[in-house]
Amino acid sequence: MKTQYKFRNPSVIATMTILLTIVTACEEFVTIDPPQTTLSTVTVFSDESTARAAVNRIYIDMMQSAGFAGGATSLNTMAALAADEMDNYSNTNEMASFASNNVTPININIAAVWNQVYNLIYQANAIREGLEKSSTISTSSKNQLEGEAQFMHAYLHFLLVSFWGDVPWIESTDYQKNAKSVRQPATEIYEKVITELLEAKEKLPLSTPQQIRPTKNAAAALLARVYLHVKNYPAAEQQATEVIDQFQLEPDLNNVFLIESKETVFQLQSIVPRINTWDGESYIILSTPQTVAMSSTLFNAFEPDDLRKSSWTNTYTEGSDTWSYPFKYKIRTLPEATSPKTEYQVILRVGELYLVRAEARANLDNLTSSAEDLNAIRSRAGLPPIMVIDRANLLLGIEQERRVELFSENGHRWLDLKRTGRLDAVLGAGKPNWQPTDALFPIPQTERNRNNNLTQNPGY
């Protein structure tokens, strides 16, 4: 069954549809036709199956929207254009402005993603409040669902602070309070994200089938990423090690992004007919590019004989023109609506964690162990090991390895250059419109019009 009830986020009044789902042995989300009545929040959280469906709805909404989880107008693509990974072929000014680093507060794609993220945060808050009031759901189920909601709440705020800097931290469904929210310092947001992930980690199971729900390992993996952002290197190393000890690198590069990949820690399952992932649908080029293509700068950044170039990139030629594109996801669209899915959108994987730990260890002057982690990634790519010289050059080697290992994933390249203070040095030299203030995206003007307490980022 499917139930409907109304939610409000900090900026808009939205109707959120709660799909009640059943989880099969492979944990697929199966929707059933809705009844003619509307259930109250109390009713939704009086039953474990309906409460689980409310949590499932977060993942469903993330994957139903091509603007959030991946695709042509996603945060990932915006970041890839703003950095040096993608070239723009869209005829819209909204996307072209990211490539030229000339984004304005009235950019509709910025506003759309901002609203999508805060809508999802609102859903997570509604779930937490509903679970807190429930007296009929078992303690074990309540803990897991609370942990999932906390994980997503933290993850979503991490995205906001990473791309916008100071942002409102929203932790209730009180519309009047949220509508007047103020931006909190990024340092405080990161602290709250870490606290929430640590709490979620205690409540979550160690693993789930196909890793399509948050787990202890997913919380640890995300913590490792966040700790790297705030330069807490001992904690980043510890959290990354916890996950690395539970997983393994997928030996075959062509299997890394398949549903059953050995290294996937958390992925989003698509329920959209004929779509495996929005990245595959948007990035694979079968005709003259209409959105984006891989930049020549990135395409030429691979070392000779790097298997990632042959396995994870591809080209399309028309006449005398050739374009390169990311080919991590192999399917653009499936032939039929009923065709089985073979890929899900990967959010966290152990390949990233080897590089997180390598960087943390390098900054802790454990250069030998850092190089071992780096060389584990290089060995899979068919490349010779690097020799340790000094910390500065090792860190540059890690930056390069992250570039060719994590390209077109989760905005890593943009965020890596920003958190290491390398944006100006790397992008300033090749982008004529580059300004240091471009490191943060603008707060959408539509949101500032609704909430006078929201200040704007410098440069806008």
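Every condition in (1) more than 15 Å from residue 411 (Cα to Cα); (2) assigned to a helix (DSSP H, G or I); (3) modelled with pLDDT of 95 or more is met by residue 162 except one, and the failing one is (1). Out of everything in the stretch 424-459 that is within 20 Å of the chain's Cα centre (by Cα) and among the aliphatic types (A, V, I, L, M), what residue ends up being farthest from residue 301 (Cα to Cα)? Among them, the one singled out is 443.
Of all the listed residues (430, 421), the sole one being part of a loop (DSSP other than H, G, I, E, B), modelled with pLDDT of 95 or more and among the small types (Gly, Ala, Ser) is 421.
Could you say which residue among 286, 367, 334, 374 is out of contact with any helix residue (DSSP H, G or I) (no Cβ under 9 Å at 6 or more places or on another chain) and over 24 Å from residue 86 (Cα atoms)? Working first, answer last.
Working: 286 fails: over 24 Å from residue 86 (Cα atoms); 367 fails: out of contact with any helix residue (DSSP H, G or I) (no Cβ under 9 Å at 6 or more places or on another chain); 374 fails: out of contact with any helix residue (DSSP H, G or I) (no Cβ under 9 Å at 6 or more places or on another chain).
Every option except 334 fails the conditions.
When the criteria are applied in full, residue 378 fails the requirement of being among the charged types (D, E, K, R) and touching a residue at least 24 places away in the same chain (Cβ under 8 Å). Tally up the residues in the stretch 165-184 that are closer than 13 Å to residue 448 by Cβ and in a helix (DSSP H, G or I), please. Of the residues in the stretch 165-184, 0 are closer than 13 Å to residue 448 by Cβ and in a helix (DSSP H, G or I).
Scanning the stretch 54-90 for residues that are among the polar types (S, T, N, Q) and either modelled with pLDDT of 90 or more or touching a Gly at 6+ places or on another chain (Cβ under 8 Å) (or both) turns up 56, 73, 74, 76, 77, 88, 90. The residue that is farthest from residue 396 (Cα to Cα), among those in the stretch 433-460 that are of a type in the set (Val, Ile, Thr) and assigned to a loop (DSSP other than H, G, I, E, B), is 455.
Only residues that are touching a Leu at 6+ places or on another chain (Cβ under 6 Å) and of a type in the set (S, T, N, Q) were counted across the stretch 157-184, and they come to 1. The criterion of at least 2 residues that are in contact with a Leu (Cβ under 8 Å, 6 or more places away or on another chain) and buried (at least 17 other Cβ atoms within 10 Å of the Cβ) is met, among helices (runs of 4 or more DSSP H) falling completely within the stretch 247-341, by 307-312. Residue count for the stretch 315-361 under the criterion of being within 30 Å of residue 219 (Cα to Cα), without any contact (Cβ under 8 Å) to a residue 60 or more places away in the chain and aromatic (Phe, Trp, Tyr): the result is 1.
Which one is modelled with the lowest pLDDT among residues in the stretch 353-386 that are outside any helix (DSSP H, G or I) and under 19 Å from residue 404 (Cβ atoms)? Talk me through it step by step, then tell me what you get.
Step one: list which residues in the stretch 353-386 are outside any helix (DSSP H, G or I), which gives 364-366, 381-386.
Then drop every residue that is not under 19 Å from residue 404 (Cβ atoms), which leaves 381-386.
Working: 381: 98, 382: 98, 383: 98, 384: 97, 385: 97, 386: 94.
Out of the qualifying residues, it is 386.
Being surrounded by fewer than 20 Cβ atoms within 10 Å (Cβ to Cβ) and either modelled with pLDDT of 95 or more or closer than 26 Å to residue 301 by Cβ (or both) is the filter here, so list the residues in the stretch 91-100 that pass it. Residues satisfying the conditions are 96, 100. Of the residues that make up the stretch 429-452, is at least one without any contact (Cβ under 8 Å) to a residue 40 or more places away in the chain, closer than 20 Å to residue 77 by Cβ, touching a Leu at 6+ places or on another chain (Cβ under 6 Å) and buried (at least 16 other Cβ atoms within 10 Å of the Cβ)? Yes, that holds for at least one residue. Looking only at the stretch 171-182, residues that are at pLDDT 95 or above and either among the small types (Gly, Ala, Ser) or buried (at least 22 other Cβ atoms within 10 Å of the Cβ) (or both) come to 1 in all.
The values are calculated or read from the model by the stated rules, or taken from the named source; none is laboratory data. Since the structure is predicted, the reported quantities are computational estimates derived from the model, not experimental observations. When we count neighbours, we look across all protein chains shown, and the Cβ atoms used for this are built from the backbone with ideal geometry, even at glycine.
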